[in-house]
Every structure is written in structure tokens, then in C-alpha cells.
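Have a look at the structure below, then the notes.
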Amino acid sequence: METSMSRRQVKKQKKALNREGKFMYQLGTCSKKNDFSEALSLYEDAVSQNLRLDHNHYNTLFYLCSNAPIKTLDIVEKGFSIFDRMLSNKINPNEATITSVARLAAAKGDGNLAFELVKTMRDKYNSVPKLRTYDPALFCFCEKVEADNAYLVEQHMGSMGVHLEESELAALLKVSTEVGKEDKVYTYLQKIMIRASCVSALTAEIIESWFCSNLASDVGALSWDESEVRYAILKNGGGWHGKGWLGKGKWVVRRSNISSEGCCCSCGEHLVCVDIDKGETEKFAESIASLALEREARSNFKNFQEWLDNHTEFGAIVDGANVGLYQQNFADGGFSFSQLEAVVKELYERSQRQWPLVILHNKRIRPLMDNASSRILLEEWRSKGALYTTPHGSNDDWYWLYAAVKRKCLLVTNDEMRDHIFELLGTNFFLKWKERHQVRFTFMRCTPVLQMPPSYSVVIQESEKGSWHIPIDGQSNNEASRTWLCVSRPKPSEHYDATLMNSECKSPYTCATKTVGSQNGFHGNLKSVKPCDSESISMTGKRKDRSPSPSK
């Protein structure tokens, strides 16, 4: 009898599970078709049959409700009644639930309710909000031009460690423009500069509308300390000073292109290389050293740090193993000292006779010392402080990366730096730093061809004169065809020609000769180029009038 009862219970449980499983399958079909009406009918049948619903059932219903093509008041209210039933059944909502319900609140224009749901979810439901959880409240406030409430949402996001992306910053920029808060506009322009390399066409329109407004013409300082502005740009890594609007008067906004040398084809201003700022550089170097000390023999890396503190003048850092082993994966291939020697010579000549630092493992040095010619050259490099030999058991990568970051040098290597040790560093500073500092190389008839970093950075740039250049995202991979917003306040004596807009680089302005890297703290002038000059020497080409080799 007892056994018979237990069998019936199992059979009944299986039948119930099957019903719920069938309900979940049907809901999934509705989700694929985005059919909320059918899903609602299934839900009402499930309630009438007393089916037990879990998070997956409810979240699918909320998703369909919040993503309905046309959100009528009836649909929104039905979504909230489902939410009330979920709570009454003591099923705590998770982040996906709150996100969907916040979207429903925003759909009926209730930004306060959407924000309240997010603010209380951690304490009430032990759930942590994401960027998408905040979006309904933030966008609702921005659309209703409730700027102060939108700022409160941003502030709460910061307290929860949630970072805004371009779309959120663009919405805040737009509402700040609409309510005339010029300081907020300036702040959000800088935040977009940090978060996005290029802006979308929609963001570009918002930025353009600000600069074309009457308020934008009226705000700004009439005088400023030029040296202080230049120092701020240098401290920030180039490309922006953060000192506020400079100048007064109507802005001239144009669509323009940038030449390969970084010269704006509309105003003639030269764009710069934007690097990580001084604080980020120090933090990056500390994180590398901290990880290296955990994974290397502490005494070995400590010795290198002390050695580096006493040897400060380098034009570049060279990953010796990477250069010597380049294209040597053939039968008789091995470490090519002649390739390393050629790269060192090229760097020495380009930097006006400033030595690079070669990082090379001890196992590479020993066989080279058996050869008379290579031994003489290695001893010369060592005497000049241009060679550091990493000890047995060490990983070269930590040494050359730390040296390049610490000394703010260019790094000569073809290593893509995708190994696990680089993943440990994260992407906040690393990718930006790599773009500005890595020098790749090839060889043409035994002559090294150095592929220098770009002559300018494709990011929003604010000049020391107060002008702005904003890159717009596009489909083409050709930087010469990229459209930029060129925004400046012309001097009374300047006459702008509208035919310059969207033209090739035929600017009547003369760009001053720039020293590549001089604004980013690079040690050594590896090459000077003259922007907007088709006759200028390519940075990846062979130098004319070579000076004698340092080793001869």
C-alpha cells in the first residue's frame, strides 16, 4: 500500500513537471516570435491550473512584455500585475527581472519608479545592477529633460562601480545641452573622449548642436595661462587639458578629414598622439612590477628595478629575442645576431645617437660571447648601458615591458602581447599604451623597416588653443577617408573658405614641424616629420644620409 502511494506521487510529480516543462517550451516559442499576446494567454492558463512558475517563466514573460513592439498602457499594467504575483509567491527578482520591470516603468514615463527599483534591488533582493538595469531610468529622465534626476542616476551608477558607455554619455550630453549647463557639457565631452575612440553619427549630431548653440558662443575664458594649459595637456598624456572652455565667440563647425601626418584639412591644426596620463602610467608600471615580483625571483627583478633607476636615458626598449628570432623558423635557422645589430643601429641613428636598451636572456648571451665579433659588440653595448641580461629562470617579457612603461619609451617588438601574463594586466591602460608605444619591424634586404606608431591618435582632441576635433565612426578602414568634426573659434583676421570642407588636404595653413612623441614623454627623437607635406620622409622608410654605424 505504501509502495503504491509513493509510485502515484512520483507519477503525479512527473506529470506536473511535464506540464511546467511544456509551458516553458511554449513560452520559448512565443519569445522567438516576440508574441506577447499568446504568452499572456499561456500565463493565464498556467495560473488557472496552479502551475508552479519559477524565475525563467517570469523573466520570459517580462522580456516579452518589455520588448513588445507597441507598449500600450494595458500591456504595461499587465506586466506589473505579473510582477506583483511573482513577489506574492515569494520569488525574489534577479537583475534580469528588475531590468525588464524598469523598462516597463520607463515605458509609461515613470523614471522615478524605474530608478527606485534599481536603487533598492541590492538591499531588498540581494541583486547587483548592471549598466542595462540603469538605462531605463537614465534615458527616461533624459528624454523628459529632467537633467538633475539624470545626474543622480549617473552618480548612483558610479557608487556601484558601473561605467557608462557612449550611448549613456551622449544622452547626458544632450540633456545638458538642452538645459544649458555648459560645465556638464564640457565634462561629458571629456568622458566620451575617454570611453570611445570614435563617436557615432548620432553623438556627432548632438555635439554639433551644442557648438552651434548661442550659449556655446557665450561661454569660455577670454584669457588663460598658456603654460599652465600646455602642462595640463602633457600631464594628461596629450589631446586634452581639462581647463574648461577657452575663448569666446561663435564656433565654426566643419566636416573635415585628417592627413596621414595628422594635419586637419580644414583648420590646418596638427593632431597629436594621445598617451595614457602620468597617473595611469605610474599605476601601470606598478601593476607590472607587482605581478613580476609574484612570478619572478624577487631578487632578480629587484636588481633590474635598481639597475633601471640608475640608467635613465634610452631612445627605445628592444625585445632582443623577438628581433633575433624573427623569421628564423627554418631548418638551419637560429638566433640572428645580425638582425638585432641592424635594429640597434637603426634606432641609434634615428634617435640622434641615443642608445636603445636591449633586453636579452642569459641563455642567448652565452653562445654569442663565444664569437669574437659579437662579443666585442655586446661588451660595447654593456659599457654604454644599452644591454641588460635577464638571469636564468626569468621571463624576458616582464623586463622589457616594465622598462618601456617605466621609462615611457617606445618598445620594439612584433610580440602581439596576448599571452596570459598580459591578460593579467587587464585592458584599461594596456591597449591604449600598446597603440602608442609599440614599434613593429620587418626586414627588406637585411635592412630593418620600423613601423612606428601612428603620427596621431583617432580620439576626440582638445587643443591648447581651445579648438576641438571629433572623429566620427565609419565603415571604411582607411583613416584618410574618416570624417571628423573640426570645431574652432576663428580669429577676426582669419577668413575661412567653405570649399575646404570635406576636401582633400589642400589647407592654406602651414603646420609647424612636429617631433614625434615629444608631447608624450618619449625619450629620444626617433624621427621628425613635417605634416601636410607629401615630400616628407616616411617614418617606416630608410633614412637618407645615414650617419656612420655606432659599432664601426
Residue match in the stretch 63-72 (condition: surrounded by fewer than 10 Cβ atoms within 10 Å (Cβ to Cβ), within 23 Å of ALA102 (Cα to Cα) and at pLDDT below 90): yes
Among (1) in contact with a Pro (Cβ under 6 Å, 6 or more places away or on another chain); (2) over 26 Å from PHE36 (Cα atoms); (3) buried (at least 23 other Cβ atoms within 10 Å of the Cβ) - the single one CYS142 does not satisfy: (1)
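When the residues of the stretch 68-83 are narrowed to those that are under 41 Å from the mean Cα position of the chain (by Cα) and part of a helix (DSSP H, G or I), which ends up farthest from ASN56 (Cα to Cα)? Working first, answer last.
Applying the first criterion (under 41 Å from the mean Cα position of the chain (by Cα)) to the stretch 68-83 yields 68-73, 75-77, 79-80, 82-83.
In the following step, the residues that additionally are part of a helix (DSSP H, G or I) were identified as 73, 75-77, 79-80, 82-83.
Numbers: LEU73: 24, ILE75: 20, VAL76: 19, GLU77: 20, GLY79: 15, PHE80: 17, ILE82: 13, PHE83: 13 Å.
Taking the candidates together, the pick is LEU73.
Report yes if CYS273 is touching a helix residue (DSSP H, G or I) at 6+ places or on another chain (Cβ under 7 Å) and of a type outside the set (Gly, Ala, Ser), otherwise no. I'd like the intermediate steps shown before the answer.
Working: touching a helix residue (DSSP H, G or I) at 6+ places or on another chain (Cβ under 7 Å): yes; of a type outside the set (Gly, Ala, Ser): yes.
In short, yes.
Go through the stretch 287-319 and report how many residues are among the acidic types (Asp, Glu) and open to solvent by 40 Å² or more (accessible area, probe 1.4 Å).
Applying the first criterion (among the acidic types (Asp, Glu)) to the stretch 287-319 yields 294, 296, 306, 309, 313, 319.
So of that shortlist, the ones also open to solvent by 40 Å² or more (accessible area, probe 1.4 Å) come out as 294, 306, 309, 313.
Total satisfying the criteria: 4.
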Within the stretch 204-247, considering residues that are open to solvent by 90 Å² or more (accessible area, probe 1.4 Å) and touching a helix residue (DSSP H, G or I) at 6+ places or on another chain (Cβ under 7 Å), the one farthest from ARG436 (Cα to Cα): LYS243
Extreme residue, most open to solvent (accessible area, probe 1.4 Å), among residues of the stretch 328-365 that are over 16 Å from LYS384 (Cα atoms) and among the acidic types (Asp, Glu): ASP332
The one condition in (1) at pLDDT 90 or above; (2) open to solvent by 40 Å² or more (accessible area, probe 1.4 Å) that GLY279 fails to fulfil: (1)
Matching residues, the stretch 161-173, being part of a loop (DSSP other than H, G, I, E, B) and of a type in the set (D, E, K, R): GLU165
Per-region count, the stretch 403-412, residues under 15 Å from SER290 (Cα atoms) and surrounded by 24 or more Cβ atoms within 10 Å (Cβ to Cβ): 2
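Just one of SER259, SER299, SER287 is more than 30 Å from VAL185 (Cα to Cα) and in contact (Cβ under 8 Å) with a residue 60 or more places away in the chain; which is it?
On the way: SER259 fails: more than 30 Å from VAL185 (Cα to Cα); SER299 fails: in contact (Cβ under 8 Å) with a residue 60 or more places away in the chain.
Selected residue: SER287, the only one of SER259, SER299, SER287 that is more than 30 Å from VAL185 (Cα to Cα) and in contact (Cβ under 8 Å) with a residue 60 or more places away in the chain.
I'd like to verify a number: residues in the stretch 452-472 that are modelled with pLDDT under 90 and open to solvent by 20 Å² or more (accessible area, probe 1.4 Å), how many?
Our first condition is that a residue be modelled with pLDDT under 90; within the stretch 452-472, this holds for 452-459.
Now narrow it down to the ones that are open to solvent by 20 Å² or more (accessible area, probe 1.4 Å): 452, 454-455, 458-459.
Of the residues in the stretch 452-472, 5 are modelled with pLDDT under 90 and open to solvent by 20 Å² or more (accessible area, probe 1.4 Å).
If we scan the stretch 122-133, do we find a residue that is over 22 Å from LEU202 (Cα atoms), among the β-branched types (Val, Ile, Thr), under 28 Å from the mean Cα position of the chain (by Cα) and part of a helix (DSSP H, G or I)? Spell out the reasoning first.
Residues of the stretch 122-133 over 22 Å from LEU202 (Cα atoms): 122-130, 133.
The next check asks that each one be among the β-branched types (Val, Ile, Thr); those that pass are 128, 133.
Going one step further and asking which of them are under 28 Å from the mean Cα position of the chain (by Cα), we end up with 128, 133.
If we keep only those that are part of a helix (DSSP H, G or I) as well, we get 133.
Yes, that holds for at least one residue.
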Search result, residues across the stretch 174-200 that are more than 13 Å from TRP245 (Cα to Cα), assigned to a helix (DSSP H, G or I) and at pLDDT below 95: LYS191, ILE192, MET193, ILE194, ARG195
Any hit, the stretch 3-20, residues being open to solvent by 90 Å² or more (accessible area, probe 1.4 Å), assigned to a helix (DSSP H, G or I) and at pLDDT 85 or above: no
Tabulated pairs, the stretch 457-475, first among the aromatic types (Phe, Trp, Tyr), second not in a strand (DSSP E or B), C-beta under 9 angstrom, 6+ apart or interchain: TRP468/LEU189; TRP468/ILE207; TRP468/PHE211; TRP468/TRP251; TRP468/ILE460
Of the criteria (1) open to solvent by 40 Å² or more (accessible area, probe 1.4 Å); (2) closer than 28 Å to ILE276 by Cβ, which one TYR188 fails: (1)
Pair list, Cβ under 6 Å, 6 or more apart: the stretch 358-374 residue small (Gly, Ala, Ser), other residue surrounded by fewer than 18 Cβ atoms within 10 Å (Cβ to Cβ): SER374/LEU368
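The values are calculated or read from the model by the stated rules, or taken from the named source; none is laboratory data. On a predicted model such as this, the values are computed, not experimentally measured, just so you know. Here the Cβ is made from the backbone with ideal geometry for all residues, glycine too, and neighbour counts use every protein chain on show. SASA here: full protein model, heavy atoms, side chains in, ligands and nucleic acids out. Shrake-Rupley method; radii C 1.70, N 1.55, O 1.52, S 1.80 Å.
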